[in-house]
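Scroll down for the structure; my scribbles are underneath it.
The values are calculated or read from the model by the stated rules, or taken from the named source; none is laboratory data. All values reported here derive from a predicted model rather than from experimental measurement. Glycine also receives a Cβ, built like all others from the backbone with ideal geometry; neighbour counts cover every protein chain displayed. What goes into the accessible areas is simple: the full protein's heavy atoms, side chains included, and nothing from ligands, DNA or RNA. Shrake-Rupley method; radii C 1.70, N 1.55, O 1.52, S 1.80 Å.
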Amino acid sequence: CWLGDDYAGQQSMLLSPEAWRRFIRPRLARQVQVIRDNGMWAMLHSCGAVRPILGDLIDMGMNALLVFQTTAAGMDPESIARDFGGRMVFYGGLDVQHLLSRGTTEEVTAEVRRNARAFRDCGGYVVANSHHGVATINGDNILAMFAAARAVRL
């Protein structure tokens with residue numbers, strides 16, 4: 001079951017982690033519990049710098065974060081994999097604002113490899129664009145993303 005809200009911008013949370021825990025977490029936790037009690041996975045869409053609440057999301061039983069915006073503050077794949085990998089699925093990691101829109105196919109391939117390498121020992125990563133498709137995305141870069149994901153051998 002896909003839940004969605006944006007709790008962060010690219011540089012920080014939209015409200016303090018403490019305020020999020022006071023006002024948002026209790027209600028979100030109840031939603032996650034209903035989802036999990038009915039045999040489904042709970043997935044949250046919240047792009048941006050959500051690192052301060054990732055532990056909370058995991059503790060409440062959230063199964064996946066989509067999207068994984070690696071260009072947001074504190075969301076680099078290496079530290080996210082180290083600190084949270086294997087406890088939650090991270091879906092995304094390929095930036096649509098710059099990389100997929102204006103980058104080269106070589107840069108896309110390198111980023112797929114970087115993300116896969118970061119999660120290789122803990123799992124929990126799905127290669128995908130970091131946001132829904134937007135008109136600026138270069139189709140060749142999407143094809144490069146698919147090809148690199150299929151070719152990953154770590």
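Using a 7 Å offset from Cα along Cα-Cβ at MET40, what residues in region 59-86 end up with backbone N under 15 Å from the label point?
Counting backbone N atoms under 15 Å from the label point, the list is 62-64.
Taking all protein chains in place and a 1.4 Å probe, what share, in percent, of the accessible surface of region 1-64 do carbon and sulfur account for?
Percent of accessible area from carbon and sulfur atoms in region 1-64: 53.
Cβ under 13 Å from ASN141's Cβ, ASN141 left aside: what net charge do those residues give with Lys, Arg +1 and Asp, Glu -1?
My count for the surroundings of ASN141 gives -4.
Multiply the residue gap between ILE24 and ARG153 by 0.36 nm, knock off their C-alpha separation, and tell me the result in nm, one decimal place.
Taking ILE24 through ARG153 to full extension adds about 42.4 nm, to one decimal.
Please list the non-local residues whose amide H lies under 5 Å from the amide H of LEU3, H modeled 1.01 Å from N, same-chain partners needing a gap of 5 or more.
Placed amide hydrogens put MET43, LEU44, HIS45 under 5 Å from LEU3.
So, in Å, what gap is there between the alpha-carbon centers of region 28-50 and region 80-154?
If we compute the Cα centre of each part, the gap is 23 Å.
Between SER130, SER101, SER46, find the one with the highest GNM mean-square fluctuation for the chain; connect C-alpha pairs within less than 10 Å.
SER101
How big is the Kirkwood radius of region 10-131, worked out from every pair of different alpha carbons and given in Å to one decimal?
Across region 10-131, the inverse of the average 1/r is 14.8 Å.
Treat each spin label as a single point 7 Å out from the Cα along the C-beta direction, and report the ARG87 to GLU106 distance in nm.
Label at ARG87, label at GLU106, 3.9 nm between them.
Shape of region 10-81 from its Cα gyration tensor (a ≥ b ≥ c, root eigenvalues): rounded if a/c is under 1.5, otherwise prolate when a/b > b/c, or oblate?
Note, shape of region 10-81 comes out oblate.
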